[in-house]
Amino acid sequence: MALRTIRTWLWVAVIALALVGGTAAFLLRQSPPASGFGVAEFDLVDQNGNPVDEAVFVGHPSALFFGFTHCPEVCPTTMAEMSAWFDALGDEGADLRAWFVSIDPERDTPEVLGDYVSWVSDRITGITGAPDQIDRLADAWGVFHEKVPLEGGDYTMDHTASVFLLDARGQFQGTIAYREDMATALGKLRNLLAKS
């Protein structure tokens, strides 16, 4: 009987994954962070070509998201949600910063990234640069990212879909899941702002 129950739950899981299609490839971080989580030195640039290093995450609370501009669903949805969070928080969220780190620097030049983030909000800063530096930052946050070939020589990127929340010291304080309820997300952001 127990084996039959396990098989049933496995089939339910397989069907659920099939129903969400490509979105299932975007992984959400569930386990607690290891010691040193998020700590990394890196040398990247923002969408204006200005140097960016680990110091940008210090001095204010932050929402940090890893994605790419050619993303068909998860990234534009998350960016729109970030913009809505800022609108809902109003002056209460004045100290909050948001960062969009490209995990596809091959295509996401500063110019491309600038065009992408500018249509969403002037409160979100794009970050890109050398692939090894992107890998260093992504690995420090436990962010899964993988190039997936498509027909015709094109490709897409599978990646972690969570938004990471950092306090004013640049330390991990939690996540907002992909498509998390607006009220829940705002509650997490207000909690983050109260700590900073």
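Annotations
- Rounded to 5, percent antiparallel among DSSP beta bridges of region 51-196: 55
- Kirkwood Rh and Cα Rg combined as Rg over Rh, evaluated for region 77-164: 1.00
- Here the Kirkwood formula puts the hydrodynamic radius of region 33-87 at 13.6 Å, using every distinct Cα pair.
- A simple rule links phi to the HN-Hα coupling: the Karplus curve 6.51 cos²θ - 1.76 cosθ + 1.60 with θ = phi - 60°, which for region 163-177 gives 9, 8, 9, 10, 7, 5, 8, x, 9, 4, 10, x, 9, 10, 6 Hz, with x for Gly and Pro.
- Charge dipole magnitude, Cβ of K and R +1, D and E -1 - region 68-153, Cα centre, debye nearest 20: 100
- Note on surface exposure: Asp108, Asp132, Asp87 rank Asp87, Asp132, Asp108 by accessible area, highest first, 1.4 Å probe.
- The 3J(HN,Hα) values that the Karplus relation (6.51, -1.76, 1.60; θ = phi - 60°) gives for region 65-73 are, in residue order, 10, 10, x, 7, 6, 8, 5, x, 9 Hz. Gly and Pro appear as x.
- The accessible area of Glu81, taken with all protein chains in place and a 1.4 Å probe, comes to roughly 40 Å².
The values are calculated or read from the model by the stated rules, or taken from the named source; none is laboratory data. What you are looking at is a predicted structure, and each value in this text was computed from that prediction instead of being measured. FYI the Cβ positions are ideal-geometry reconstructions off the backbone, even for glycines, and counts take in every protein chain you see. Just so you know, the surface numbers come from the protein's heavy atoms only, side chains and all, with ligands and any DNA or RNA stripped out. Shrake-Rupley method; radii C 1.70, N 1.55, O 1.52, S 1.80 Å.
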